[in-house]
Structures are given as structure tokens and as C-alpha cells.
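Working notes, beginning with the structure itself.
The values are calculated or read from the model by the stated rules, or taken from the named source; none is laboratory data. Just so we're clear, the structure is a prediction, and the values are computed from it rather than from any experiment. When we count neighbours, we look across all protein chains shown, and the Cβ atoms used for this are built from the backbone with ideal geometry, even at glycine. The accessibility values were calculated without ligands, DNA or RNA, using every heavy atom of the protein model including side chains. Shrake-Rupley method; radii C 1.70, N 1.55, O 1.52, S 1.80 Å.
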Amino acid sequence: MKYLLYIMIVVCLFSCKKETVETYQGKDGVSFFAYTFELLHTTAVRNYSFALQATQKQRDTLFIPMRITGKLTDQPRTVLLKTAQGTTATAGVDFELKEFTVPIGASKFNYPLILLNSAGMAKNVYRIVLEPAETKDFILGTLGQTPRTTTAQPEENFRYLKVDVTSQYIEPAYWIYLLQDFGEFSAVKYKFMVKTLGITDFNYDKIGSDGLLNFPVTLRNALAAYEAANGPLLDENGQEISFP
């Protein structure tokens, strides 16, 4: 009986075919991506203002995270973006889209969107709606949320990305985290803060816990001195400015 069992095992081993390992065969794709907790998905809008920069600029670069779907390669490949419906900015006047060479072996990279400080931005906020353009190297990549692993936060791949650009004082995306310490945003308040403190970026990464603790005190004192000399400081909507 044991000899029969041995023969059957040998026959099974020799009759089994080697299983074929499937590999990705489609054309490689590219898409925008963001970590889910950042809430920078396809419906979110990124804001940029030349007025909020530390130095006066006529052009600047906004780096946009992108991801490749498919195989990595040791050959240079190019990515190009194009405008989509909803764009009010003018190419060559308010922004530039140039072909970008992806670093060899990279699965993620930052596309450089060039923003131009045009005359119209002094009174207008222009929107740029972007999507990946098909090139000889890439098509639109896989979209949707990637599951969280033990080493990474969940991420989302998306097709469209919106950027609002101006040279006016507009509310930064991070202001939601400053409400408790600085109060509601207004352009006049922001200008007052810049003039008083001598900085233009109030992101927590820049000012830290010391800034959150000390800046409101400095601003309240400066505002009290202004009001003593000039009366209440009103914002662009006629509301009296205050700091918590």
C-alpha cells in the first residue's frame, strides 16, 4: 500500500505544470495623489497668493505630488499636464505647463507648476483645473483610494486638481487650524499681522507653539495701540477686527 502511495505522489509531482506569474502588461499611467488625511482630494482646491510670499515675486513654482501606476524603469520618461473645464486662468499669462522628466526609478514625484504674477491677479482670483495629458510614456493612471498598510497612511489617486492663484490676500488653507488663536480670517487682518510681526507665513510648521502662544499677545497689544490712535480697525466687510 505504501508503494502505491509513493507512486501516486511521484506522478502528481511530475504532472503539475509550473504556474505562470502574471505581470503588469498595460501602458503605464500617472495621476495626482495625496494622503487621505490631508483632504486634498479631487474636490479640494489649493490656494496660492503672491501677496503671502516672504519676498515679492513675479513667478513661482507650486510643486504638485503625482504617482505612476505600472512598471518602474531605468529610462527617462516625460509627464505633461493640460487644463480642464473650469479653468479661468490664461496659459502663458497666469501660468505655464511644461513637459517634465520623471526621475529614473521614481514611483512618486512632484510636477512643477509655474505660476506667473500677472496684472489681473491684483483684482481677481484665477482658477487652474489640471489633469494629466496622454504622452508616449503615460496614460491616465488608476484612480481611487489605496488601503492603509502598516507603514503608510491611506492615499488617494485622482484625475483633476484645482489651483486658485492671485496676488490678493486670500485665506490660506491652514487658517482653519489658527481660528482659536487668531480668529476669523480677513484680508485687512492678515495685512495687519504681516505689518506687525514682519512675516507672511503663519503655518504652524513655521511659527510653532511659541508663535501660537506669543503672537496673539503681540497682535492684541498692537491693535490696542492702533485703536487708541485711529479708532476701530475695520476689515473689507466693515467688521471690527479683533484677536482672541
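Points to keep in mind about this one:
- When the square roots of the Cα gyration tensor eigenvalues are ordered a ≥ b ≥ c, the ratio a/c for segment 118-215 is 1.5 or more and a/b does not exceed b/c, which makes its shape oblate.
- Backbone phi angles across segment 235-244, fed through the Karplus curve with coefficients 6.51, -1.76 and 1.60 (θ = phi - 60°), yield HN-Hα couplings of 7, 5, 9, x, 8, 6, 7, 8, 10, x Hz in residue order; Gly and Pro are listed as x.
- Taking a sphere under 12 Å around the Cβ of Y126 and counting the other residues whose Cβ falls inside, with K and R at +1 and D and E at -1, yields a net charge of +1.
- Solvent-accessible heavy-atom area per residue, rounded to whole Å², over segment 163-244 at 1.4 Å: 57
- Distance (nanometres) between label positions extended 7 Å along Cα→Cβ at A122 and L233: 2.4
- Rounded percent of accessible protein surface that carbon and sulfur make up, segment 141-244, 1.4 Å probe: 50
- For the residues R59, R46, a 1.4 Å probe over the protein chains yields an accessible-area ranking, largest first, of R59, R46.
- Value of relative contact order over segment 78-231, rounded to a whole percent, pairs C-alpha under 8 Å and six or more apart: 19
- Annotation: T90 carries an accessible surface of approximately 70 Å², with a 1.4 Å probe and no ligand, DNA or RNA atoms counted.
- Other residues within the sphere of radius under 12 Å centred on the Cβ of W175, judged by their own Cβ, net out at -3 (K and R +1, D and E -1).
- Remark: for residue pairs K27/K108; K108/K189; K123/K162; K108/K191, the C-alpha separation exceeds 28 Å in K108/K189; K108/K191.
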